[in-house]
1. Just want the answer: with Cβ charges of +1 for Lys and Arg and -1 for Asp and Glu, which residue in VAL429, GLN473, LEU261 is farthest toward the dipole's positive end in the stretch 261-531?
2. Quick one: Karplus J couplings for the stretch 519-530, per residue in order, coefficients 6.51, -1.76, 1.60, θ = phi - 60°, nearest Hz, x for Gly and Pro?
3. How high is the FRET efficiency between LYS475 and ALA568 when r is their beta carbon distance and R₀ equals 41 Å, given to the nearest 0.05?
4. Which angle between 0 and 90 degrees, to the nearest 10, do you get for helix 113-126 versus the longest principal axis of the chain when only C-alpha atoms count?
5. Is the stretch 261-531 best put as rounded, prolate or oblate by its Cα gyration tensor, with a ≥ b ≥ c the root eigenvalues, rounded for a/c under 1.5, and otherwise prolate when a/b is larger than b/c, oblate when not?
6. So how do PHE104, PHE497 line up by other beta-carbon neighbours within 10 Å, fewest first?
7. I need the shape label for the stretch 484-604. Rule: rounded when a/c is under 1.5, else prolate if a/b > b/c, else oblate, with a, b, c from the alpha carbon gyration tensor.
8. Excluding residues fewer than 8 places away in the same chain, name every one of the lysines whose C-alpha is closer than 19 Å to that of LYS321.
Amino acid sequence: MIIKINGVQKEYANEASLFEIAKDNEVKNALAAKVDGNLVEMRSKLDGKDHEIEFVTFQDKEGKKLYRHTTSHILAQAIKTIYPTSKLAIGPAIDDGFYYDIDFKTPITTENLEAIEQEMKKIIKANYPLERFELPRDEAIAYMKKFGEDYKVELINDLPEDAVISFYKQGDFVDLCAGPHIPSTGYIKAFKLLSITGAYWRGSEKNKMLTRIYGTAFDNKQDLADFLQMQEEAKKRDHNKLGRELKIFTTNEYIGQGLPLLMPKGQKLFQILSRFVEDEEERRGYMRTKTPYMAKSDLYKLSGHWDHYQDGMFILGDETKDEEVYALRPMTCPFQYMVYKADLKSYKDLPCRYGETSTLFRNESSGEMHGLIRVRQFTISEGHLILRPDQLEEEFKQCLELARFMLKITGLADDVSYRFSRWDPNDKVKYIQQPEVWAKAESTMENLLNHLGVKYSTGIGEAAFYGPKLDIQVKNVYGKEDTLITIQVDMFEAERFDMYYIDENGEKVRPYIIHRTSIGCYERTMALMIEKFAGAFPVWCAPVQAKILALTDRSADYCNDLVRKLAAVGIRAESDTRNETLGYKIRSAQMEKIPYILVVGDKEMDENVVAVRRRNEGDLGKMDFDAFVKRVNEDVSTFKLD
């Protein structure tokens, strides 16, 4: 058979293995191979036909996933060895690591992780091969029942009728798994169990809370050490920790998961951002709307949300009891379409740009929620542009320019990537099934992105149910990726809502629609800014821009007067007149990440000045009121980033 590797063809015996081919081509540390583009295990046998092969190592994305997935199986084997009464749920590879969800008869703590790691090392040293085998459905269920693995039985029962049910054996341990895997446990060179948390089975609060053990794995000890060091630094910037310490937000179990409370400083940051966005959008031709937080189910049936997004909605009422059913809105688009339809539009009225600071509600699973990044109630800078087809490229370009401007002023511009999110024609539930319209929408958007020079990856199955989109992706301090801003091209909804405009010939014409956000979800943006700046916000958006410290009791009233004078010229300041030492007050203000610290004593009062300290710059000397105001205003007007 002829094998092509890196553009070079070689002839091999029909029975040649992937191991032999890798060795012959001096490929070291191969974990798997892509045979004609399909990922297969190194133990797989070739069929004697000609193939193109690409070997996969830990340096490849697929290699890291295989490596860490196998480590999760090693974790599971160690758990079953130490805790034989435990039941296994799922254990996938994730970004930068893996986890396994386990039902323990007796709960464990982080103190137990060391013993589990030691057992994992024994399994790695034993170098057990990972051997795949398949069973018919009935035999597979009976096999898992024999081991008391109830969660695995449930997973098997939920597989499609024609699914191949496979298992992997390592030593005397067997786990249900689709694979693929690396050749043996001995390939794992460095790993670490990181934490323990709770996770509901299948992410539903209706199910049992399981124990989730997180870990990571690398192909050398130095990279693992570097990663662990990075994790320690990430913990210092974690918005979930810093945001609470800086009194930006809090949570309360009586209110519920995914429903954070913005405290005064958090609300001030939210207000600064939302007011700026609203003003900037109006400068760019947007008209503001204010629409209801809920609507009858009729609206969502018309928009398609009822058929394609109902599981993510909060439903009020019960149709089976002849009640009028309402739902909290997950998006604002259908509401703004009704605003558009309220009067007749001509081609001269387009583009029609609607913007709204929209509070939305989505029924996120408990396992997905995290601080301010993923919540059940949130607010976005939502907008919909109704336009003529000939206006699409220019309006799309302007939406992208606005998004990039917002990323720049929030300091996030260098931290994002772009993804062209397309539909999955095989997903009959999520997507509207009109292939011709999808083809036109995706082709149009692809041409737009290429013409505008946007460098992007492609995500199949990541589109909205009504159209393709450009997702601006960002990672938090732990490397988890989320969507921050979206720009979507929609060729479906105008038809659904019978939206039209009158063209120059007096004919009714369907418009195109762009769904977009400019700064994205405010809560998520705030979380990312907390992490980006470690809580030390730029002056322009800092909830408190200056802290005025009274050096003596006599200067207390003067400090309070300065706070009022600064407020009158738009500068946010607080005074600290406590009976504490100056050093204590300075350290306190520094812990609060305040950009400017002003010290006022008797001498400063007499000279009508303040002694100014700037975060990251130190002592700037004495300034009069006007000079200080000018300096702050320069920071604000230039969106200076510390």
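1. LEU261
2. 10, x, 7, 4, 4, 5, 4, 4, 4, 5, 5, 4
3. 0.50
4. On a 0 to 90 degree scale, this one is about 40.
5. rounded
6. Final ranking by Cβ density, sparse to dense: PHE104, PHE497.
7. prolate
8. In chain and number order, the partners are LYS296, LYS301.
Every number in this text was worked out from the coordinates using simple rules, so none of it is lab data. Because the structure is a prediction, the values reported are computed rather than measured. Virtual Cβ from ideal backbone geometry, glycine too; neighbours counted across all protein chains shown.
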